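Trainee: Okay, handing you the structure first.
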Amino acid sequence: MASAFPCFSPGPVPNTLGVSCTADQLCVAGSEGRLIEALREAGEGALVLGQGSNVVLPERLDQPVVLAAWRGLRLRVSGDDALLTCAAGENWHGVVRYSLGQGWAGLENLALIPGSAGAAPIQNIGAYGVELSERVAEVRVFDRAENRVRALTAEACGFGYRDSLFKADPARYAVLSLTLRLARRLPMRLDYPDIDLELRRQGVTQPRPRQVAEAVIRVRRRKLPDPRQWGNAGSFFKNPIVDPGQAERLGRTEPGLATYPVAGGVKLAAAQLIDRCGWKGRRRDGVGVWHRQPLVLINFGTGSGPDFLALGEEVRRSVRERFGVDLEMEPSAMCPPG
Ligand code: EPU
């Protein structure tokens, strides 16, 4: 079928869930200019994706899809500080490796997170006590509502836990590049028990940033499935924040429930709630719940986007029935449940 727009043609849409999805109109944008041109051409309905690490896709997408696929890293050094600008299409873990390889600290806790640099600020990726927002100097976007390129400071990005201005209004912003603030020396963030334990196991007492990254990589490899082997989108749900009264009531009826005081309430561990509902290792057709970390749903090979949403809904229902807690999905759903 001939495409309605010259730079678009039918093609497969990459995604880490490993579901098969074909876009009727796909444009692989090899530069910022190409992406902007494609978005102007395709109009409001076009969807921008990087490596598809946080989306649940249908089998067929009839809206135009533009992939941010260009690369490029630029490091500007000023004494013991540096600014690293990454093109949207860079692989996130590649950015982490590059920065550490050049001797810069700041990204070590965020090693091995799947996806592209352009996607990182959208859900404000975070792991092992660090959120991307703490390292962001600037995000350059194409603002589709204003039809112009804008540079936003970290404050202007409205970052929250797995949240940002971009996630709240996905049809408006396309990320072009991300600038990170790095330093030769930063206080290491080792408060997360898993990382502390892993470093002790290695006999490391004064870790360098690279050693922290290696510990993070080992912990992630142990707990989380490799998307190349088992399609997944990392945590399928956010950790819920409930009010202190509800947390206290739950604590009485559910001994041993992990609670973390945060701004706006008390954070619970979604993994623990799902675990207590008996979901670990369970399978529904082509999809299932990862046996080592039940926050992660995986593809056994034949799972579709709607299958993931249907399983996610079942998990949510059982958590709601037992704990009265509503889990919110972390990836963006582009299709109705199966
Ligand atoms: N737990 C269980 N059973 C399990 C696993 C965990 O009960 O099988 C409980 C434990 O009490 C544990 C708690 O859940 O202490 C938290 O587990 P974990 O430390 O593995 O972290 P998480 O809350 O499950 C979050 C992020 C991850 C991030 C890790 C490390 C969210 C939604 N997830 O997971 O992010 O890597 O912390 O910082 O915030 C992602 O967003 O895709 C992601 C993988």
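Trainee: For the range 123-145, check the following and say yes or no: at least one residue is closer than 23 Å to PRO227 by Cα, among the aliphatic types (A, V, I, L, M) and open to solvent by 30 Å² or more (accessible area, probe 1.4 Å).
Mentor: Here is the first cut: in the range 123-145, the residues closer than 23 Å to PRO227 by Cα are 123-132.
Next, from what is left, pick out any that are among the aliphatic types (A, V, I, L, M): 125, 127, 130, 132.
Among the residues that remain, those that are also open to solvent by 30 Å² or more (accessible area, probe 1.4 Å) are: none.
Within the range 123-145, not a single residue is closer than 23 Å to PRO227 by Cα, among the aliphatic types (A, V, I, L, M) and open to solvent by 30 Å² or more (accessible area, probe 1.4 Å).
Trainee: Of all residues in the range 22-45, how many are at pLDDT below 95 and of a type in the set (Gly, Ala, Ser)?
Mentor: 3
Trainee: Still on this structure: Away from the ligand (no atom under 16 Å from the Cβ), in a loop (DSSP other than H, G, I, E, B), more than 24 Å from ALA38 (Cα to Cα) and open to solvent by 10 Å² or more (accessible area, probe 1.4 Å): which single residue out of ARG185, ARG181 fits that description?
Mentor: ARG185
Trainee: If you check ALA111, ALA42, ALA46, which single one turns out to be buried (at least 19 other Cβ atoms within 10 Å of the Cβ), under 23 Å from VAL139 (Cα atoms) and more than 19 Å from the chain's Cα centre (by Cα)?
Mentor: It is ALA46.
Trainee: Taking THR153 as meeting all but one of (1) more than 21 Å from TRP70 (Cβ to Cβ); (2) assigned by TED's automatic domain parsing to the domain that holds TRP92; (3) crowded, with 23+ Cβ neighbours inside 10 Å, write down the number of the exception.
Mentor: Status for THR153: all satisfied but (3).
Trainee: Further question: When you go through GLY281, GLY324, GLY305 one by one, which is the residue that is among the small types (Gly, Ala, Ser) and buried (at least 20 other Cβ atoms within 10 Å of the Cβ)?
Mentor: After applying the criteria, what remains is GLY305.
Trainee: Hey, another quick one. Which of the residues that make up the range 300-333 are within 16 Å of GLY52 (Cβ to Cβ) and of a type in the set (Asp, Glu)?
Mentor: The one that is within 16 Å of GLY52 (Cβ to Cβ) and of a type in the set (Asp, Glu): GLU330.
Trainee: Looking at the range 243-268, which of the residues that are among the hydrophobic types (A, V, I, L, M, F, W, C) and at pLDDT 95 or above is nearest to the ligand (Cβ to nearest atom)?
Mentor: For the range 243-268, the residue satisfying everything is ALA258.
Trainee: Could you list all residues from the range 188-213 that are among the charged types (D, E, K, R) and either in a helix (DSSP H, G or I) or away from the ligand (no atom under 12 Å from the Cβ) (or both)?
Mentor: Answer for the range 188-213, where residues must be among the charged types (D, E, K, R) and either in a helix (DSSP H, G or I) or away from the ligand (no atom under 12 Å from the Cβ) (or both): ASP194, ASP196, GLU198, ARG200, ARG201, ARG208, ARG210.
Trainee: Kindly indicate the residue of the range 156-178 that is outside any loop (DSSP other than H, G, I, E, B) and within 15 Å of the ligand (Cβ to nearest atom) and also most open to solvent (accessible area, probe 1.4 Å) among those meeting that condition.
Mentor: At the first step, the residues of the range 156-178 found to be outside any loop (DSSP other than H, G, I, E, B) are 156-157, 160, 163, 165-168, 173-178.
Those still in the list that are within 15 Å of the ligand (Cβ to nearest atom) too: 160, 163, 167.
Values: GLY160: 24, ASP163: 61, LYS167: 43 Å².
Looking at the filtered set, the residue picked out is ASP163.
Trainee: OK, next. Looking at the range 214-242, which of its residues are out of contact with any helix residue (DSSP H, G or I) (no Cβ under 9 Å at 6 or more places or on another chain), more than 13 Å from the ligand (Cβ to nearest atom) and open to solvent by 80 Å² or more (accessible area, probe 1.4 Å)?
Mentor: Across the range 214-242, the qualifying residues are ARG228, GLN229.
Trainee: While we're here: Name the single residue that is farthest from LYS238 (Cα to Cα) among those in the range 269-287 being touching a Leu at 6+ places or on another chain (Cβ under 7 Å) and more than 9 Å from the ligand (Cβ to nearest atom).
Mentor: The residue in question is ARG284.
Trainee: Separate question: Assess whether VAL262 counts as being outside the structural domain of GLY18 (by TED's automatic domain parsing) and surrounded by 16 or more Cβ atoms within 10 Å (Cβ to Cβ).
Mentor: Answer is no for this residue.
Trainee: Okay, next question. Give the residue, chosen from CYS7, CYS27, that is crowded, with 24+ Cβ neighbours inside 10 Å and touching a helix residue (DSSP H, G or I) at 6+ places or on another chain (Cβ under 6 Å).
Mentor: Selected residue: CYS27, the only one of CYS7, CYS27 that is crowded, with 24+ Cβ neighbours inside 10 Å and touching a helix residue (DSSP H, G or I) at 6+ places or on another chain (Cβ under 6 Å).
Trainee: Report every pair of residues separated by at least 6 positions or lying on different chains whose Cβ atoms are under 6 Å apart, first residue within the range 90-117 and aliphatic (A, V, I, L, M), second assigned to a loop (DSSP other than H, G, I, E, B).
Mentor: As it stands, the answer is VAL95/ALA117; VAL96/LEU107; VAL96/ALA111; ALA105/LEU186; ILE113/ILE125; ALA117/GLU90, since those pairs meet every condition given.
Trainee: Now for a separate question. Restricting the range 176-230 to residues that are more than 19 Å from the chain's Cα centre (by Cα) and of a type in the set (Gly, Ala, Ser), which is farthest from ALA29 (Cα to Cα)?
Mentor: So, considering only residues that are more than 19 Å from the chain's Cα centre (by Cα) and of a type in the set (Gly, Ala, Ser), the one farthest from ALA29 (Cα to Cα) is GLY203.
Trainee: If you check ALA46 against the conditions, is it touching a residue at least 24 places away in the same chain (Cβ under 8 Å) and not polar (S, T, N, Q)? Give the derivation first.
Mentor: On the way: touching a residue at least 24 places away in the same chain (Cβ under 8 Å): no; not polar (S, T, N, Q): yes.
Criteria not met by ALA46.
The values are calculated or read from the model by the stated rules, or taken from the named source; none is laboratory data. Model, not experiment: these values are computed from the prediction. Counting neighbours? That spans all protein chains shown, and the Cβs are built from the backbone with ideal geometry, glycine included. Remember, those area values only see protein heavy atoms, side chains included, never the ligands or the DNA or RNA. Shrake-Rupley method; radii C 1.70, N 1.55, O 1.52, S 1.80 Å.
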